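*Asks:* Before we start, here is the structure in question, set down as structure tokens.
The values are calculated or read from the model by the stated rules, or taken from the named source; none is laboratory data. Keep in mind that what you see is a predicted model, and the values were worked out from it rather than measured. All Cβ positions, even for glycine, are placed from backbone atoms using ideal geometry, and neighbour counts span all protein chains on display. Surface areas here come from the heavy atoms of the whole protein model, side chains and all, with no ligands, DNA or RNA. Shrake-Rupley method; radii C 1.70, N 1.55, O 1.52, S 1.80 Å.
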Amino acid sequence: MAKSNKFGFAPLETEPPQRRERSVGPMGAAVREAAESLTDATEAKVEKRRQNAVDAEAFRTAQDEGRVLMSLELSQIATDDLPRDRMDLEAVAASDEMEELKASIRERGQKEPIEVYPGPDGSFQLKKGWRRFTALSQLLAETGDARFGTIIARIERGDDGRLARYIDMVEENVVREDLTFAEMAQVVITAAQDDAVGEPDPDALVARLYGSLHKMKKSYIRSFVFLLSQLGDVLPFPKAVSRNLGVDVSRAFKTQGAAQALREKLATCQTPEEQNKALAAFVDAAKTTPQTPKKKLEPREKFEFHVGSLKVTARRGECRIVSKDDFAAIPKSQLERAIKAFEEELRGGPSVRPL
């Protein structure tokens, strides 16, 4: 019992109050459920927006890197900016191989994309895939079927440079071994004459255009570059020239008189067989022609001369040019062209001349 106080009564004994349980009514439950649902929906939307932003950034990156495929109208694509790496395009367009490609596209659709780049006039210029583009163009003209009026393409973004476009154009056919040595050499000659490439030296271009090939194969291409430079305008069937025959003809060029006789003979050839027979006869004649020994020049320690305001001192392994000009102020590219021209003259003249 509780102890009483001086007033004679004890404090009341009370139990601690119990907390009243309150149940949520139907309206409260509905409000709570709506609030929770709204919170979940907001979080889902935030996550979706974040993922959309990530996806958009990834898409823009892929698009900038040329990894996005687009469907383009054939009429949007031009083929007149970049020279093709094939000779006699009309014959290729009418070949059995083109008919086989058309049959495959007709049955199964286009499986490999082409590659294009933005042209200066707003159209797309073809870089890779001339045969696929031609096959679809022919199918559209023959059938009128709208499904042949579009083509799957990879679009180059930015400016990869003229030389890089040449390399992209040839690499596919080089890997497939679908180009003849004459066609590969013609690409080199065309690129050397293209001011936008900025490399007039065909030897350097062989190494850059066909850098993945074995050095012996690049040597063959250089032989055909020389062959086409000498005979390109009178060689009626360059693709029919075999590797060994082309290399032998390039080596057999000894005198301008013999070269002129060969040019006159080739101008009368009507078939690939006649052409190759004339080339083989030229090689055989060169093998039996006695070689005139070169006159041995007496060695000189050094000599000096002037060219305009330049003083030139020549000795073994050295050619010194003294001038009042500041050569360090001249652009490197201009100096390189001058030195290349100097070296070509020492080696007997330029190896490529305009066709």
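*Asks:* What translational D, rounded to a whole number of µm²/s, comes out for segment 70-123 from Stokes-Einstein when the hydrodynamic radius is the Kirkwood one over Cα pairs, at 20 °C and 1.002 mPa s?
*Replies:* 160 µm²/s
*Asks:* Let me ask something else. Compute the distance from the alpha-carbon center of segment 84-156 to that of segment 212-266, in whole Å.
*Replies:* Measuring centre to centre over Cα atoms gives 32 Å.
*Asks:* Percent relative contact order of segment 37-148, based on C-alpha pairs within less than 8 angstrom and at least six residues apart?
*Replies:* 24 percent
*Asks:* Once you have the Cα-Cα distance between residue 168 and residue 330, take 0.36 nm times their residue separation minus that, and quote the gain in nm to one decimal.
*Replies:* Roughly 55.1 nm would be gained on extension.
*Asks:* Whenever you get a sec, compute what percent of the accessible area on segment 225-287 sits on carbon and sulfur atoms (1.4 Å probe).
*Replies:* Looking at segment 225-287 in its full context, I get 52 percent from C and S.
*Asks:* Between residue 339 and residue 253, how high is the FRET efficiency from 1/(1 + (r/R0)^6) when r is the Cβ-Cβ distance and R₀ = 30 Å? Nearest 0.05.
*Replies:* The computed FRET efficiency comes out at 0.70.
*Asks:* Something else about it: Kirkwood hydrodynamic radius, computed over distinct alpha-carbon pairs, for segment 132-193: how many Å, to one decimal?
*Replies:* 14.2 Å
*Asks:* Taking Cα atoms of segment 89-160, Rg/Rh with Kirkwood Rh, to two decimals?
*Replies:* Rg/Rh for segment 89-160 comes to 1.00.
*Asks:* Which whole-number percent gives the relative contact order of segment 113-264, counting Cα pairs below 8 Å spaced six or more residues apart?
*Replies:* Reported as a whole number, the value is 17 percent.
*Asks:* Normalised by the number of residues in segment 104-144, what is the relative contact order in percent for Cα pairs under 8 Å and 6+ residues apart?
*Replies:* Reported as a whole number, the value is 32 percent.
*Asks:* Across every pair of different alpha-carbon atoms, what Kirkwood hydrodynamic radius in Å does segment 164-216 reach?
*Replies:* Computed over segment 164-216, the radius equals 11.2 Å.
*Asks:* Classify segment 61-189: rounded, prolate or oblate, from the alpha-carbon gyration tensor (a ≥ b ≥ c, eigenvalue square roots; a/c under 1.5 rounded; otherwise prolate if a/b is larger than b/c)?
*Replies:* Here segment 61-189 falls in the oblate category.
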